[in-house]
Each structure stands twice: as structure tokens, then as C-alpha cells.
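Written below as C-alpha cells is the structure these notes are about.
The values are calculated or read from the model by the stated rules, or taken from the named source; none is laboratory data. Note that this is a predicted model, so its numbers are computed, not measured. Note that we place each Cβ from the backbone using ideal geometry, even for glycine, and neighbour counts take in every protein chain shown. Side chains included, ligands, DNA and RNA excluded: accessible areas come from the protein's heavy atoms. Shrake-Rupley method; radii C 1.70, N 1.55, O 1.52, S 1.80 Å.
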Amino acid sequence: MQKYILFSITTALLTGYFAVTAASPLVTANVPLDSRYYSYIDKLEGMGYIKDMPTGTRPYSRLDIAKWIMEAQQVAADKPMPGYLKTYYDEMRAELAEEIAYLQGDSKDYGSNIKLRAVEARLAYSDMQQDSYRYRKGINASWQLLNRNNNGYRYGDGINIIGKAEIAGSLNKDLALSLTPRFSYDKDERGDASIEEGYVKTHLGVWGIELGKQAVQWGKAP
């Protein structure tokens, strides 16, 4: 079963997400649920290169995936990867080079690595016949993750321009953050800006703490 949820910390903070997990030696941002790296990791596990993946909550942190990349590397020493799988592995290893270097002891001082990690731009066209259906400011799409009312971002009649970006990383060894702003423009709604995801991660002693707004998947992926 797959669900997307937000937890509240207090009744005054209805959009807060709170998670407590065993703290890692390094606090890193999470890999977004829509990342292709999840299918890559699942394939590596299915082919026997990763043995110890959890079957519970996603997203995984960048450090989690870096650990599995290192595990796959060890297995591949005796069991060479097929070409397509090696392509997946190489892509993730390049993206997670800083985390892997930390785990290997090559980076003693883990400084800030906040980066623009992804940019997405889309054009959408909608012919809504607003006069017939009495829509005043466009219509909502089907249910969409983490939008304002969970009933779809609003699209206007005609051309819609949509863009979003992922800015994420660690400020230092003990603090990480992620921010995914979303922007849209159409002739009915004009401009609209929102935060699709945003959170900070840290730890308190042996416990990890995460606060903000983020997509969560419970249970084993389909």
C-alpha cells in the first residue's frame, strides 16, 4: 500500500512533517520520491548487488543510497554488473561522490554543499470551454501530491507554463535542508508560486529530527 501523508507537530502547525529515526554519522538531504534513483536501487537489489535495504518508509537519504552504492561495488568485485546496470551505478556514484568520500574517510571536514540539484520546466495546454462549464479561473487537475488542497494544481484555459527546482544539501555535518519551489503562469490565474516541498534535518543525540513538508511513502513499493 502506498500513501502520501503529512504529520502535524502541533495543532498550530498543520503542514509540518516530523520524523524520528536513528541518527546517521552525517545528516544529509533526502532523495525525492520521484527520483529515478529509486528504480535504479531497486534493480540493484533485485539483481543481488544490495542485500540490506529496508522495506518500510521512503524517502531514503543521500547517505543511505551512498552506503548501498558502496555495498554494490563490493559485490561487483566478484559478480560483474551487466552494462545497463553499470550505467545506473555510475550515474548514482557520480551524484553521491561527496557522501561516498565521507563514508570512505576521504573527507574529514564536511562543509556546505547546498546546490541546485534539479530543474523542471513544462508547457501544458488546456481547452476548458469555460463558458459551458462555468469555470471562472480554470479547473483543477486530478489529485496531486502536496499541493494546496490535495485536489490538483489549478490550470487555466490555454497555455500553462510550469517550472520547479530542487535546492538541497547539507549546511554542515549536523544540518541539512531541502527546498522545492514551484512556479506557474497562465492567462486566467496569472502568476502563482508555492513551496512543493521544504524541510530541515538535524539530530538530537542519537535521534534524527526532520521538520517541514515532504512526500512520504509507507510500505514496500509496488
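Among the residues making up the range 107-155, those that are in a loop (DSSP other than H, G, I, E, B) and at pLDDT 80 or above are Ser112, Asn113, Ile114. In the set (1) crowded, with 18+ Cβ neighbours inside 10 Å; (2) over 20 Å from the mean Cα position of the chain (by Cα), Gly83 fails one condition alone, (1). When restricted to residues that are more than 24 Å from Leu26 (Cα to Cα) and among the basic types (Lys, Arg), the range 45-81 contains 1. Considering only residues of the range 31-53 that are part of a loop (DSSP other than H, G, I, E, B) and touching a strand residue (DSSP E or B) at 6+ places or on another chain (Cβ under 9 Å), which is nearest to Tyr84 (Cα to Cα)? If we take residues in the range 31-53 being part of a loop (DSSP other than H, G, I, E, B) and touching a strand residue (DSSP E or B) at 6+ places or on another chain (Cβ under 9 Å), then Ser35 is nearest to Tyr84 (Cα to Cα). If the condition is being assigned to a strand (DSSP E or B) and either open to solvent by less than 20 Å² (accessible area, probe 1.4 Å) or under 21 Å from Arg122 (Cα atoms) (or both), then the range 199-222 contributes Tyr199, Gly208, Glu210, Gly212, Gln217.
Here Val216 meets each of (1) modelled with pLDDT under 90; (2) in contact with a helix residue (DSSP H, G or I) (Cβ under 9 Å, 6 or more places away or on another chain) with one exception, condition (2). You will find that of Ala66, Ala72, Ala94, Ala101, the residue that is aliphatic (A, V, I, L, M), closer than 29 Å to Asp174 by Cα, open to solvent by less than 70 Å² (accessible area, probe 1.4 Å) and free of Cβ contacts under 8 Å to residues at least 12 places away in the same chain is Ala101 and no other. The condition of being assigned to a helix (DSSP H, G or I), among the charged types (D, E, K, R) and under 30 Å from Phe183 (Cα atoms) holds for Glu91.
Residues in the range 174-192 that are open to solvent by 30 Å² or more (accessible area, probe 1.4 Å) and at pLDDT 90 or above: Asp174, Leu175, Leu177, Leu179, Phe183, Tyr185.
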